[in-house]
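Here is the structure we will look at, set down as structure tokens.
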Amino acid sequence: KNTFDLSDSAQLTIGLDSNSRNWDGSYEKKSAMNPMMANMITGRISIDDVDTTNRALFAELEKRYSATSIKAGVRYDDTHIETAGTMGQPDNDYSGISANIFANYQLNDSTRLFGGIGRASRVPDARELYFHAAMVPGSPMAPQPVIGTPDLEQTINTEIDLGVEKRYENASLKAKVFYSQLTDFIYFNSSKMTNKFENVDATIHGLSLSGDYFINDSLYVDY
């Protein structure tokens, strides 16, 4: 990434982001009581060599005023998920645009107000897409049940944050409220026999409190 000074009070940051993640799992079971069962389960595939490759382009603009600063960002993601599994396990491709705007207002020397709204996405991971159970309970010779759901949609999160931060001579306190609306949230439905991960719509809202306290020049605690 690189940052450019557009003026004395404005900066533009642009960059590229890339990562690759591999999931490759199998079962291992040891049992002195039932060594035959252990031998049947050991070596069975749990997640069959899945590569998740993500490429992204992002930009962020920060503008500062006398008592206010504003950041606005945008990001484009392209993700390819490839599996070595052959039993009804298709590869998956996802793309999405994320964006946010966040503002700080310095009310006085010790008090800062802040707030923002943003939209972001999360692609399903290999466990949620392709995970296999070791066996059907009571039926060890049956095919392994597919717990993952290979056609999941990515989760889209739209969130609003509002908060205040107060600084004292040796301490600080920050309080924040948030409301998050999740489209296609990935939910584990334990009542199903197979394909237990599913997309549902959900909301999350709450309050967070955090801060720190400086005991002396070399020791502090945070909470």
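Taking every Cα-Cα distance in segment 121-213 and sorting them into 5 Å bins from zero, the calculated P(r) comes out as 3, 12, 16, 13, 11, 10, 9, 8, 7, 5, 3, 2, 1, 0 percent. Ranking 177, 197, 207 by Cα position along the charge dipole of segment 173-223, where only Lys, Arg, Asp and Glu carry charges on their C-beta atoms, puts 197 farthest toward the positive end. The length gained by stretching the chain between residue 13 and residue 168 to full extension, at 0.36 nm per residue less their Cα-Cα distance, is 52.6 nm.
In the context of the full set of protein chains, residues of segment 105-223 present 61 Å² of accessible surface per residue (probe radius 1.4 Å, heavy atoms only). Remark: segment 173-182, residue by residue, has Karplus-estimated 3J(HN,Hα) of 9, 10, 10, 9, 10, 9, 9, 10, 10, 10 Hz, where x stands for each Gly or Pro and the curve is 6.51 cos²θ - 1.76 cosθ + 1.60 at θ = phi - 60°. With the simple spin-label model, which puts each label point 7 Å out from Cα in the Cβ direction, the residue 178 to residue 42 separation comes to 4.5 nm. Our coupling estimate for segment 91-96, obtained by passing each phi through the Karplus curve with A = 6.51, B = -1.76, C = 1.60 and θ = phi - 60°, is 5, 9, 10, 9, 9, x Hz, Gly and Pro reported as x.
Please find, in a Gaussian network model of the chain (springs between Cα atoms separated by less than 10 Å), the residue of 106, 89, 181 whose mean-square fluctuation is greatest. It is 106.
In terms of distances greater than 30 angstrom between alpha carbons, the cross-link table entries 1/196; 30/196; 71/174; 1/63 yield 1/196. Please identify which residues in segment 1-41 have an amide N closer than 19 Å to a label point set 7 Å out from the Cα of residue 82, following the Cα→Cβ vector. Those under the cut-off are 18-25.
At 1.4 Å probe size, with the rest of the protein present, what percent of the exposed accessible area of the chain is carbon and sulfur atoms? Walk me through the intermediate numbers first.
Details: 7830 of 14000 Å².
Its accessible area is 56 percent carbon and sulfur atoms.
Segment 21-50 and segment 197-219 have Cα centres spaced 37 Å apart. If I model the chain as equal point scatterers sitting on the Cα atoms and use the Debye formula, what is log10 I(q)/I(0) at q = 0.08, 0.10, 0.13, 0.16 Å⁻¹? Here log10 of I(q) over I(0) equals -0.49, -0.70, -0.95, -1.14.
Of all the options 28, 62, 169, the one that moves most in a Gaussian network model of the chain with Cα springs shorter than 10 angstrom is 169. Only alpha carbons enter this Debye calculation for segment 1-111, each as an equal point scatterer, and the log10 of I(q)/I(0) it gives at q = 0.14, 0.19 Å⁻¹ is -0.76, -1.01.
Separation of segment 67-141 from segment 159-175 is 26 Å, based on Cα centroids. Here each label is just a point 7 Å from Cα along the line to Cβ, and for residue 153 and residue 214 those points are 4.9 nm apart. Between the amide H of residue 46 and those of 25, 26, 27, distances stay under 5 Å, these residues lying 5 or more places away or on another chain, with hydrogens modeled in the peptide plane. Couplings 3J(HN,Hα) for segment 37-45, derived from phi with the Karplus relation 6.51 cos²θ - 1.76 cosθ + 1.60 (θ = phi - 60°), are 5, 4, 5, 6, 8, 4, x, 5, 6 Hz, where x marks Gly and Pro.
What's the whole-number percent of alpha carbon pairs in segment 64-147 lying beyond 14 angstrom? So the portion of pairs separated by more than 14 Å is 75 percent.
The values are calculated or read from the model by the stated rules, or taken from the named source; none is laboratory data. Since the model is a prediction, treat every value here as computed from it, not as a measurement. Neighbour counts are summed over all protein chains in view; Cβ atoms, including those assigned to glycine, are modelled from backbone coordinates with ideal geometry. Side chains included, ligands, DNA and RNA excluded: accessible areas come from the protein's heavy atoms. Shrake-Rupley method; radii C 1.70, N 1.55, O 1.52, S 1.80 Å.
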